[in-house]
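Written out below as structure tokens is the structure these notes cover.
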Amino acid sequence: MEKCIIGKKVGMTQLFDENGKIIPVTVIEAGPCTVVQKKTIENDGYEAVQIGFGELSDKRANKAIKGHFAKGDVALKKNLREFRLSNIDAMNVGDLIKADVFATGDRVDVCGISKGKGYAGSIKRFGNHRLKSTHGTGPVHRHAGSNGSIDGAHVFKGKGLPGHMGAERVTVQNLDIVKIDAENNLIAVRGAVPGPKNGIVYITNTVKA
């Protein structure tokens, strides 16, 4: 069965297994989330559920947002995310999704926005080599090098050039759930997940083909 939830990255810590070995984990505050809307093939051409996470004050929502939540008779939520699932018959508008929807040992995919690094050169951004620090290099020892070609006379798509680094959508797949604290809505997954502390992440169980 496909599962999904929205969470907030709390930080990293370590746990110990039954053999005393250290397991590095990322702690995620997962849910509680509310099903805000159901997309159906008849009305929308595809099946999906839209779930909300985090409280949103009334004064920070415009009329359109308030109307959207009022239609489903659910409380305002700060973060909305749509998940395409193969079967949404068991989910209804207003249903709560909590951390215990997953179980210890489940494999999940975690999607988030990576940390932004600002404007970066090609060496930091793509790991390019720099020129040697000897006579003749001049002031271009960290430049990207030639951009075009003799025949094409244009920059080919995919050329590693300076630009904005980070702050992009990243998905880490096949992470083990090491521990679940259902009372506090916390999930501990093995390894690191994308995004800064308190960043929003989207968790789905890994579906095997």
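Test K124 against the criterion of being over 30 Å from P32 (Cβ atoms), open to solvent by 60 Å² or more (accessible area, probe 1.4 Å), at pLDDT 90 or above and more than 22 Å from the chain's Cα centre (by Cα), and give yes or no.
Criteria met by K124.
Mind counting the residues in the range 72-89 that are more than 27 Å from A188 (Cα to Cα), touching a strand residue (DSSP E or B) at 6+ places or on another chain (Cβ under 8 Å) and modelled with pLDDT under 90?
The total comes to 1.
Please tell me if N92 is in contact with a strand residue (DSSP E or B) (Cβ under 6 Å, 6 or more places away or on another chain) and either in a loop (DSSP other than H, G, I, E, B) or closer than 26 Å to Q37 by Cα (or both).
no
Every residue, every condition in (1) open to solvent by 20 Å² or more (accessible area, probe 1.4 Å); (2) within 19 Å of N205 (Cβ to Cβ); (3) touching a strand residue (DSSP E or B) at 6+ places or on another chain (Cβ under 6 Å), yes or no:
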residue	(1), (2), (3)
V10	yes, no, yes
N19	yes, no, no
P32	yes, yes, yes
K38	yes, no, yes
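Let me confirm something: among K179, K117, which residue is open to solvent by 40 Å² or more (accessible area, probe 1.4 Å), part of a strand (DSSP E or B) and either in contact with a helix residue (DSSP H, G or I) (Cβ under 6 Å, 6 or more places away or on another chain) or under 16 Å from G11 (Cβ atoms) (or both)?
After ruling out the rest, the residue left standing is K179.
Does any residue in the range 168-183 that is closer than 14 Å to G195 by Cβ come within less than 7 Å, Cβ to Cβ, of a residue that is among the polar types (S, T, N, Q) and open to solvent by less than 80 Å² (accessible area, probe 1.4 Å) six or more places away or on a different chain, and which pairs are these?
Partner pairs satisfying both residue conditions: E168/S114; V170/S114.
Here is a yes/no grid of residues against (1) more than 20 Å from A99 (Cβ to Cβ); (2) part of a strand (DSSP E or B); (3) charged (D, E, K, R):
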position	(1), (2), (3)
E2	no, no, yes
T13	no, yes, no
V27	no, yes, no
K38	yes, yes, yes
N43	yes, no, no
I51	no, yes, no
H68	yes, no, no
V74	no, no, no
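Of everything in the range 26-41, what is farther than 20 Å from N198 by Cβ, out of contact with any Phe, Trp or Tyr (no Cβ under 7 Å at 6 or more places or on another chain) and modelled with pLDDT of 90 or more? Give them in sequence order.
T34, V35, Q37, K38
The values are calculated or read from the model by the stated rules, or taken from the named source; none is laboratory data. As the structure is a computational prediction, the values presented were derived from the model and not from experiment. Positions of Cβ are generated from backbone atoms using ideal geometry, with glycine treated the same way; all protein chains shown enter the neighbour counts. What goes into the accessible areas is simple: the full protein's heavy atoms, side chains included, and nothing from ligands, DNA or RNA. Shrake-Rupley method; radii C 1.70, N 1.55, O 1.52, S 1.80 Å.
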